[in-house]
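Here's the structure we're looking at; comments come further down.
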Amino acid sequence: MRESPPAVGLGRALGLATALGLLVLVVVSLARVGRILRLPHERWLVVHRLIGLLVVSSLVHGWVLDHIIGRSSVLKIVYVVMGVVGTAAYAYDELVMRRRAPRADYTVHAVKRPAPDIVDLTLAPAGHAPLQVKGGQFVYLRVGGHRAWREHPLSAAGVQHDGCVRLTVRAVGRGTRRLYADLREGAPATLSGPYGMFDHTVGGQRQIWIAGGIGIAPFLGWITHEDAEALPSADFFYCTSTATDAPFLPELTEAARRHPALRLHSVYSRRQGRLTVDKILAATGPLTPDTHVFLCGPASMVENLTIALRGRGMARHHLHAEHFAFR
C-alpha cells in the first residue's frame with residue numbers, strides 16, 4: 001500500500017479542521033446553544049472573526065486535493081486570483097480597517113427608560129472631535145467601566161448641534177438587556193463609525209415612512225433635529241402592538257405639529273391588525289411614480305411589505321429598508 005504524499009495528508013487535515021471549525025461557528029450561533037454557553041458578545045465576535053483563517057485553510061485544502069483544478073491552467077489562475085483577493089480583504093479588515101475606523105470618546109450624559117424594555121441614552125462628546133453622525137446612520141458603541149458592555153451596532157436616533165448623539169435600544173438579547181440594567185450617567189463610552197446609508201434625502205418629495213417598534217430610531221434622527229423646510233412630504237406609520245408599546249408617540253406627535261408636511265399614523269396591531277399595503281394606500285392615496293418608501297423594523301415586516309409593494313408596481317430603487325435584526 002502506497003503512502004500518501006505529505007501534501008495530500010496536509011490537505012485532508014486542513015479540510016477536516018475547516019469543516020469542524022465551521023460547524024463550531026454554526027453551533028455557537030444557535031440561540032438555544034447560546035443560552036447554554038452564555039458566551040459574552042465580545043468573545044462571540046472574536047470567535048467568528050476566525051472564519052477568515054478557515055477560508056484560507058479551505059483554499060489550501062482545495063489547491064492540494066482538487067484534481068480538476070490541477071489539470072486546468074485557467075482554473076488555477078481563477079482559483080489563485082479569488083483566493084488572493086479574499087485573503088487580502090480579510091487581512092485588510094483585521095489588520096488595517098479596524099485600526100483606521102473613525103472613533104471618538106463620549107460620556108453617557110443622560111439615560112431614560114421610557115418603557116420596561118427600552119433605554120434612551122444621550123452621549124456627550126468627551127474630546128475635541130466628535131463623530132460626524134447623521135440621523136439614520138448607525139454606530140458601534142463601547143461602554144467602559146465595571147462590567148464593560150462593548151461593540152454593539154445601534155442606529156442614531158438624533159444628533160444635536162453640540163455633537164451629542166442619541167441612541168434608543170430595545171432590550172431583546174443578553175447584551176442589550178445588560179445595557180438596559182447596568183447603564184448609568186457618567187460612564188465613559190466610545191463610538192466608532194458612522195456607517196449606513198438609510199437617508200431620506202435620497203428620495204423625492206413624496207415619501208412613506210414605516211417604523212416597526214424600535215425601528216423608530218432612525219426616523220427620530222430625521223425629525224427631531226431637522227428644519228421644517230428640509231423634511232419631505234411624508235406619511236409616517238408608527239407600528240406597535242399597543243399604545244403602551246409606543247413610548248415615542250408624544251414626541252412624534254409634537255414633531256408632526258411642527259412639520260405640517262409630516263402626517264403621523266399610529267398602527268396598533270393587536271387592535272387593528274398588522275399594517276398592509278391596502279391600509280397604507282387607504283391613508284395615503286395611490287402610489288405615484290415619484291413615491292419613495294422607507295422601512296425600518298423587524299425583518300419579517302420589512303420583507304412582507306417590500307414584496308407587497310413590489311407587487312403593486314413600486315420600483316425596487318424606490319424602496320429603502322433598514323433591518324433591525326442584530327441583538
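The values are calculated or read from the model by the stated rules, or taken from the named source; none is laboratory data. For clarity, every value in this text was computed on a predicted model and none was experimentally measured. Note that each Cβ is placed from the backbone with ideal geometry, even for glycine, and that neighbours are counted across all protein chains shown. Calculation scope for accessible area: heavy atoms of the full protein, side chains included, ligands and nucleic acids excluded. Shrake-Rupley method; radii C 1.70, N 1.55, O 1.52, S 1.80 Å.
Laid out as a table, the results:
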| read-out | value |
| --- | --- |
| Within segment 153-163, tally of residues that are open to solvent by 10 Å² or more (accessible area, probe 1.4 Å), touching a His at 6+ places or on another chain (Cβ under 9 Å) and under 24 Å from Ala101 (Cβ atoms) | 2 |
| Subset of segment 49-107 [surrounded by 13 or more Cβ atoms within 10 Å (Cβ to Cβ), within 30 Å of Val165 (Cβ to Cβ) and touching a Ser or Thr at 6+ places or on another chain (Cβ under 9 Å)] | Pro102, Arg103, Ala104, Asp105, Tyr106 |
| Candidate set: segment 299-319, residues that are in contact with a helix residue (DSSP H, G or I) (Cβ under 7 Å, 6 or more places away or on another chain) and not in a helix (DSSP H, G or I); chosen: the one surrounded by the fewest Cβ atoms within 10 Å (Cβ to Cβ) | Arg312 |
| Residues within segment 164-200 that are of a type in the set (Val, Ile, Thr), open to solvent by 10 Å² or more (accessible area, probe 1.4 Å) and modelled with pLDDT of 80 or more, tallied | 1 |
| Filter result for the condition that a residue is open to solvent by 40 Å² or more (accessible area, probe 1.4 Å), assigned to a loop (DSSP other than H, G, I, E, B) and basic (Lys, Arg), over Arg263, Arg257, Arg270, Arg274 | Arg274 |
| Among (1) free of Cβ contacts under 8 Å to residues at least 60 places away in the same chain; (2) surrounded by fewer than 20 Cβ atoms within 10 Å (Cβ to Cβ); (3) among the polar types (S, T, N, Q) - the single one Thr224 does not satisfy | (1) |
| Unmet criterion (only one of (1) open to solvent by less than 80 Å² (accessible area, probe 1.4 Å); (2) more than 18 Å from Thr224 (Cα to Cα)) for Pro114 | (2) |
| Strands (runs of 3 or more DSSP E) enclosed by segment 70-162 - at least 3 residues per element that are of a type in the set (Gly, Ala, Ser) | 103-115, 149-159 |
| Inter-residue pairs, beta-carbon under 7 Å, first at positive phi and in segment 124-142, second assigned to a loop (DSSP other than H, G, I, E, B) and at pLDDT below 85, 6+ apart | Gly136/Gly196; Gly136/Phe198; Gly136/Asp199 |
| Test result for Pro250, in contact with a helix residue (DSSP H, G or I) (Cβ under 9 Å, 6 or more places away or on another chain), free of Cβ contacts under 8 Å to residues at least 60 places away in the same chain and either within 16 Å of Trp209 (Cβ to Cβ) or not in a strand (DSSP E or B) (or both) | no |
